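Accompanying notes for the structure given below.
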Amino acid sequence: MKIIQNLFSFLIALLLIIVTITLALYSFGILTIDLLPEIVRSTYNSWQYAIVYLVIFLMSIFIIYPYFSDSKLRSAKLLSSESGDISITITALANLIEERVENKENFSDIKIKIEEAAAGLNIILSGKLTVPGNIAEISESIQRDLQTYIKETTGIQVEKIQINISAVEQTNKLPENVE
């Protein structure tokens, strides 16, 4: 969906550039005075141009619509009681996860994606890991710790935690001058 919106944005911007250059050249007198009225006259009563204009209009609406629509905050339900539901937003949950991982492990440049699943949440962590030691063991430790931490603090069941390590830095480097 984002690719389509970017393509439409590009095409609309390209069309706007062409129109503004044409109008600028027309205003400076470089183009003949009869050019614009001739263009308008040639499009009159032409269904092909009408379809092109409608497609451009729909593309424009498609680009503008997200700015005027209500964006709902996604949330996960924590508890239901007689008084009502208690839920936490996905953004708040992501902040909670990011803070825990940064404090506990040397995991930086964290990107978190949270998806709802049948048995709980699926969490995808991406980032740079700075560690001395075994990466697989540290990753498993992060997974176990996050799973229990989220369960204890929010009561939400975590089905799966996927860790994507984009870069690894070792802190225990060899000495530069070896004799």
* Could you check how many residues of segment 19-36 are part of a helix (DSSP H, G or I) and surrounded by 10 or more Cβ atoms within 10 Å (Cβ to Cβ)? => 10
* Asked: For segment 29-52, what are the residues that are at pLDDT below 85 and of a type in the set (A, V, I, L, M, F, W, C)?
  -> Leu31, Ile33, Leu35, Leu36, Ile39, Val40
* **Residue list for segment 112-146, restricted to those being in a helix (DSSP H, G or I) and surrounded by 14 or more Cβ atoms within 10 Å (Cβ to Cβ)** => Ile138, Ser139, Ser141, Ile142, Gln143, Asp145, Leu146
* Asked: When Ile86 is evaluated against the numbered criteria (1) modelled with pLDDT of 85 or more; (2) outside any loop (DSSP other than H, G, I, E, B); (3) over 19 Å from the mean Cα position of the chain (by Cα); (4) not basic (Lys, Arg), which criterion, by number, is the only one it fails?
  -> (1)
* **Selection status of Asp109, surrounded by fewer than 17 Cβ atoms within 10 Å (Cβ to Cβ), in contact (Cβ under 8 Å) with a residue 12 or more places away in the chain and under 16 Å from Val158 (Cβ atoms)** => no
* Meets criteria (over 30 Å from Gln157 (Cβ atoms), surrounded by 11 or more Cβ atoms within 10 Å (Cβ to Cβ) and modelled with pLDDT of 85 or more) for Val55 -> yes
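The values are calculated or read from the model by the stated rules, or taken from the named source; none is laboratory data. Just so we're clear, the structure is a prediction, and the values are computed from it rather than from any experiment. Here Cβ is always computed from backbone atoms with ideal geometry, including for glycine, and neighbour counts include all displayed protein chains.
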